[in-house]
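Down below is the structure, laid out as structure tokens.
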Amino acid sequence: MIRMQSQRLDNMLKAVKKMEEILVVDDDTIVLGLVRRILEREGFVAHCVESGEEALEQIRERTFSLMITDFNMPGLDGLELARKGLEIAPQMPIIMDTGGISPTIALMAKKIGIAKVLSKPFLSTELLKTVREVIDTGREWAPSIGQAARS
């Protein structure tokens, strides 16, 4: 009986996870393709764009469970994209990835309302663990995001 209930719960969680739509933003098409495959293999729906401007258009058009953005991109960098994205969708949690994480970048990310900063290169297991953690707990920090996005 308990085993059946556990199995049903697992199936329900998988169904919910499959509905999660994630916006992935990176100017490197190879990284976009890799992240897309990692996420889709786990049942997430990945919407991939190559610029901050394209990401903002997507955020205006639909609701995402999460955005994963690169820090270093031409045009809007990850911090500015996060700031503008949170003005449009303050409940959307954000993960920013970067090849060179520094205390300054981490502090700026936190002030803006970015949930996690992930260092590149990362393992697929590390990405998935971070995605699940942020989606599961992302709404807890949302009220402070609106304040950060307006400052």
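Before moving on, here are some points about what is shown:
- Of Glu126, Glu54, the sequence from fewest to most neighbouring Cβ atoms within 10 angstrom is Glu126, Glu54.
- Taking only the alpha carbons of region 43-89, we obtain Rg and Dmax values of 10.1, 31 Å in that order.
- For region 97-114, 3J(HN,Hα) per residue [Karplus equation, 6.51 cos²θ - 1.76 cosθ + 1.60, θ = phi - 60°, Hz, x = Gly/Pro]: 10, 8, x, x, 7, 10, x, 5, 4, 4, 5, 4, 4, 5, 4, 6, x, 6
- Taking amide H atoms as placed 1.01 Å from N in the peptide plane, the amide H of His47 lies under 5 Å from those of Ile22, Leu23, Val24, each 5 or more residues away in sequence or on another chain.
All of the numbers you see were taken from the coordinates with simple rules; none came from a lab. Being a predicted model, the structure only gives us computed values, none of them experimental. Backbone-built Cβ (ideal geometry, glycine too); neighbour counts: all protein chains shown.
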